[in-house]
Amino acid sequence: VDRSLVTLLTDYGGDDEFVGVCHAVIERIAPEARVIDLSHGIPRHDVRQGAAVLANALPYASPGVHLAIVDPGVGSTRKAIVVRTVEEERLLVGPDNGLLAPSIERFGGAAEAVDVSLSPARLEPVSATFHGRDVFAPVAAHLALGEAPSELGEPLEAGELAPLERTPPGIDPGRRVEASVAYVDRFGNAALELSADELVDSGLKLGHRVWVEAGGVTLDAVYLLTFADVPAGALLLYLDSYGNLALAVNRASAAERLGINSGDRVVLRPA
Amino acid sequence: VDRSLVTLLTDYGGDDEFVGVCHAVIERIAPEARVIDLSHGIPRHDVRQGAAVLANALPYASPGVHLAIVDPGVGSTRKAIVVRTVEEERLLVGPDNGLLAPSIERFGGAAEAVDVSLSPARLEPVSATFHGRDVFAPVAAHLALGEAPSELGEPLEAGELAPLERTPPGIDPGRRVEASVAYVDRFGNAALELSADELVDSGLKLGHRVWVEAGGVTLDAVYLLTFADVPAGALLLYLDSYGNLALAVNRASAAERLGINSGDRVVLRPA
Amino acid sequence: VDRSLVTLLTDYGGDDEFVGVCHAVIERIAPEARVIDLSHGIPRHDVRQGAAVLANALPYASPGVHLAIVDPGVGSTRKAIVVRTVEEERLLVGPDNGLLAPSIERFGGAAEAVDVSLSPARLEPVSATFHGRDVFAPVAAHLALGEAPSELGEPLEAGELAPLERTPPGIDPGRRVEASVAYVDRFGNAALELSADELVDSGLKLGHRVWVEAGGVTLDAVYLLTFADVPAGALLLYLDSYGNLALAVNRASAAERLGINSGDRVVLRPA
């Protein structure tokens, strides 16, 4: 693991100085760290979408220190955590609200977990609202310096970590698949929370026509490889570039057409 | 001072290539410089907000070269300046329009000031509109190379520097505080221009109920530690993460509710 | 040429993780590369504007590896290319759709061109929609490692490269100039596709009054050096900071006033 690599993913957006101040804090503690911004455009407080985007992006990044902040509970009693993954020994840092859970799972589970809520690395005084600056960035920077997670907080059992709230898909093979929207990108493409195995179980196959029910609307779609295979304006199911089953409208927004957002349920039935 | 650290703060936004070209110019002159973007989301031409955000952010950054550009007078006769601060020897670079003033003050005043409007470091021909590229970035890059400010322009008296236009707060202790809005963040939280000392003078105390008058509206608020202590939609006074007295509405926008922007006056009276 | 410098320009925007994942991919292959983001705010699929902004920005950057992605044809048969320029030996990487053409021309033409559509550097499996991650970023990273373009794909004749579709200006010296809009910046300033030579041919001179015809509207303007020389709201012609003839409205948007966008035609006649 190259500890000097720190990746950042937040819902801080690009208008304020929040991201810049986190960069400055990391640089001040660990001037040799190289910081890569994965995304700061997660919709505010959308833990589910942040979790999905993080798990999609991390496999493309070198193993390192991976800080993620989507934290509607800042200032409450939720823990701040560091998790070392079984595979690749990645160090994930963030709030204990499920944001890190799919990434932990993707890398084989938690080999070690530490509660850094009261870490000696924190910047004092710790503000009530900006834990990115006062807790998370300093902890990530100390990890980048090579300090062990155990030096930065109190040990936690992996079983104590908060899961990502997720309504499991309902699958009636060949008849009906009900799944939640994992995330919506800026083109309005909507990825579903459906693992590769669940997709196989569902019996959905390339080329099939499908009824899509969401938000009171029912539309027909085809399950295809690429946008280019349907006319402009047509709805399709496809595997997005991360391998997730997703809904799209060629040259328009599926999220708008169906009135859906991350967390909403979608029902698919063979037509 | 680590001269190879350059921080950037501008009102250039994220849509155009202005920020990227400044990075490229700095890299070309000083390839070893490490550049941190503090913020490029300052509202266009809002010198007051830029000045407040810069002074808030800099204490979290290592001392280095700190370039700030919010420059409604580009192309006019306003000077371009470099200021070395008394404390920490930070090198501030920007237009002489008050943008740097609160940061200079925060670091003990100006130990040295230089007019770099006609600096030999400029890129020729100097455009009328893009001094970030042609004047400020090259000057910052030459400072990052270790050149002395005095090599890059003509000496100035600290007394000649433009102050930030600021209407001082009106304080009638225990009865009435009138102050300007320093900045509004993307959540609509509005920080007031009120120093820690002035806040003490005002007699405002945690837990007090306060009438807030702004833009023809009068609303009641409580002065509290965190958002979580009021119901959604309620107005509160609190100390923001930089220690500034600020107005917020829990889960909504105080700036919208009160119709205020940076520079507007707000009156507080005990209820 | 400093191969370890990689510049990026895309239409990926700031809301999604596309840019961050490209950074991660480059870092994973070439950890020593320094990456500068020139712009990610090119309007989606606007090849013409991307081409103009790239050609404007590159002369300010050190020669290196220059990756540009505005790629409406992703997933189709358009090639992915690397071009080495005659002057400065810059390595341009992107889709073969004209995006790179003005930059190639600015640096003396193509000394070498390579088709990297099926490059051994690609990440497998190559997705249908995210060639930035799977093709372009890996190829750029391998160039940053010092590999030769010829190791990364199949040779192409310079003459086979797609030109940028461009309707040449129509010039009737002293009477009429008709030119396309090259790009519109976020202030609504609109640069015209008119080379320095064509501008001389046109007979337009500083201080002249000009009728501007676009989108069914005819307005009068003056050809001046700076915005400050006209009243707020007045239309002017000026040379923008890259030396392109451009239309602007002092303190407002010329693009909105005239209803124009990149690609639209504008007619200028002496008044």
Filtering region B:77-118 down to residues that are touching a residue at least 40 places away in the same chain (Cβ under 8 Å), within 14 Å of another protein chain (Cβ to nearest Cβ) and assigned to a loop (DSSP other than H, G, I, E, B), which residue is nearest to the chain's Cα centre (by Cα)?
B:ARG90
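Restricting attention to region B:74-93, and to residues there that are surrounded by fewer than 20 Cβ atoms within 10 Å (Cβ to Cβ) and among the polar types (S, T, N, Q), which single residue is modelled with the highest pLDDT? Give the derivation first.
Taking region B:74-93 and keeping what is surrounded by fewer than 20 Cβ atoms within 10 Å (Cβ to Cβ), we get B:75-78, B:86-89.
Filter once more, keeping what is among the polar types (S, T, N, Q): B:76-77.
On the way: B:SER76: 81, B:THR77: 87.
In this case the residue turns out to be B:THR77.
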From the set of residues in region B:186-206 that are at pLDDT 90 or above and assigned to a loop (DSSP other than H, G, I, E, B), which is farthest from the other protein chains (Cβ to nearest Cβ)?
B:GLU193
Condition first: assigned to a strand (DSSP E or B), in contact (Cβ under 8 Å) with a residue 24 or more places away in the chain, open to solvent by 10 Å² or more (accessible area, probe 1.4 Å) and touching a helix residue (DSSP H, G or I) at 6+ places or on another chain (Cβ under 8 Å). Now tell me which residues in region B:207-238 satisfy that.
B:VAL217, B:LEU219
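Restricting the search to region A:119-137, which residues are facing chain B (nearest Cβ under 10 Å) and either among the hydrophobic types (A, V, I, L, M, F, W, C) or assigned to a loop (DSSP other than H, G, I, E, B) (or both)? Spell out the reasoning first.
The first filter runs over region A:119-137 and keeps only residues facing chain B (nearest Cβ under 10 Å), leaving A:123, A:125-134, A:137.
A:LEU123, A:PRO125, A:VAL126, A:SER127, A:ALA128, A:THR129, A:PHE130, A:ALA137, listed by residue number.
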Across (1) modelled with pLDDT of 95 or more; (2) at the interface with another protein chain (Cβ under 7 Å from one of its Cβ atoms), B:CYS22 clears everything bar (2)
Within region B:123-156, how many residues are farther than 15 Å from B:VAL21 by Cβ and charged (D, E, K, R)?
4
Which numbered condition trips up A:SER241, out of (1) in a loop (DSSP other than H, G, I, E, B); (2) touching a helix residue (DSSP H, G or I) at 6+ places or on another chain (Cβ under 9 Å); (3) touching a residue at least 12 places away in the same chain (Cβ under 8 Å); (4) surrounded by 15 or more Cβ atoms within 10 Å (Cβ to Cβ)?
(3)
Against the condition assigned to a loop (DSSP other than H, G, I, E, B) and in contact with a helix residue (DSSP H, G or I) (Cβ under 7 Å, 6 or more places away or on another chain), how does B:TYR183 come out, does it pass?
no
Within region B:253-267, considering residues that are among the small types (Gly, Ala, Ser) and either open to solvent by less than 20 Å² (accessible area, probe 1.4 Å) or modelled with pLDDT under 90 (or both), the one nearest to the chain's Cα centre (by Cα):
B:ALA255
Being acidic (Asp, Glu) and touching a Lys or Arg at 6+ places or on another chain (Cβ under 7 Å): is that true of B:ASP46 here?
no
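For region C:173-192, enumerate the residues that are open to solvent by 70 Å² or more (accessible area, probe 1.4 Å) and out of contact with any strand residue (DSSP E or B) (no Cβ under 6 Å at 6 or more places or on another chain).
Answer for region C:173-192, where residues must be open to solvent by 70 Å² or more (accessible area, probe 1.4 Å) and out of contact with any strand residue (DSSP E or B) (no Cβ under 6 Å at 6 or more places or on another chain): C:PRO173, C:ARG175, C:ARG186.
Residues of region A:25-43 being more than 8 Å from chain C (Cβ to nearest Cβ), outside any loop (DSSP other than H, G, I, E, B) and either small (Gly, Ala, Ser) or farther than 19 Å from C:GLU32 by Cβ (or both), which ones?
Residues satisfying the conditions are A:VAL25, A:ILE26, A:ARG28, A:ILE29.
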Residue under evaluation C:ASP71, criteria (1) in contact (Cβ under 8 Å) with a residue 24 or more places away in the chain; (2) in a helix (DSSP H, G or I), criterion not met:
(2)
Any chance A:GLY243 is under 22 Å from C:GLU17 (Cα atoms) and not polar (S, T, N, Q)
yes
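Here is a yes/no grid of residues against (1) within 13 Å of chain B (Cβ to nearest Cβ); (2) closer than 17 Å to C:PRO169 by Cβ:
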{"position": "C:TYR183", "(1), (2)": "yes, yes"}
{"position": "C:GLU213", "(1), (2)": "no, yes"}
{"position": "C:LEU235", "(1), (2)": "no, no"}
{"position": "C:GLY259", "(1), (2)": "no, no"}
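Filter region A:94-118 down to the residues that are acidic (Asp, Glu) and either buried (at least 24 other Cβ atoms within 10 Å of the Cβ) or under 23 Å from A:ILE26 (Cβ atoms) (or both) and list them by number.
Matches in region A:94-118: A:ASP96, A:GLU112, A:ASP115.
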Inside region A:12-24, the number of residues satisfying the requirement of being part of a loop (DSSP other than H, G, I, E, B) and either closer than 20 Å to A:ARG186 by Cβ or out of contact with any helix residue (DSSP H, G or I) (no Cβ under 8 Å at 6 or more places or on another chain) (or both) is 5
Mind listing just one residue for me: the one in region C:58-73 that is closer than 24 Å to C:PHE130 by Cβ and crowded, with 23+ Cβ neighbours inside 10 Å and, of those, modelled with the lowest pLDDT?
C:ASP71
Spot the failing condition for B:PRO63; the list is (1) in contact with a Phe, Trp or Tyr (Cβ under 9 Å, 6 or more places away or on another chain); (2) assigned to a loop (DSSP other than H, G, I, E, B); (3) within 14 Å of chain C (Cβ to nearest Cβ), and only one is missed.
(3)
In region A:119-160, residue surrounded by the most Cβ atoms within 10 Å (Cβ to Cβ) [restricted to those that are without any contact (Cβ under 8 Å) to a residue 24 or more places away in the chain and under 27 Å from B:TYR242 (Cβ atoms)]:
A:ASP134
Confirm whether B:LEU9 is within 14 Å of the chain's Cα centre (by Cα) and either part of a helix (DSSP H, G or I) or within 9 Å of another protein chain (Cβ to nearest Cβ) (or both).
yes
Just to be sure before I move on: is C:ASP46 more than 10 Å from chain B (Cβ to nearest Cβ) and either modelled with pLDDT of 95 or more or more than 23 Å from B:PRO138 (Cβ to Cβ) (or both) in the structure I sent?
yes
When you scan region C:151-171, how many residues do you find that are assigned to a helix (DSSP H, G or I), farther than 17 Å from C:GLY94 by Cβ and not acidic (Asp, Glu)?
1
Residue under evaluation A:CYS22, criteria (1) closer than 22 Å to A:VAL70 by Cβ; (2) surrounded by fewer than 24 Cβ atoms within 10 Å (Cβ to Cβ); (3) out of contact with any Ser or Thr (no Cβ under 7 Å at 6 or more places or on another chain), criterion not met
(2)
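The values are calculated or read from the model by the stated rules, or taken from the named source; none is laboratory data. Only a predicted model underlies this, so the values are computations on that prediction, with no experimental measurement involved. No Cβ is skipped: glycine too gets one built from the backbone with ideal geometry, and neighbour counts run over all protein chains shown. Accessible surface areas use protein heavy atoms only, side chains included; no ligands, DNA or RNA. Shrake-Rupley method; radii C 1.70, N 1.55, O 1.52, S 1.80 Å.
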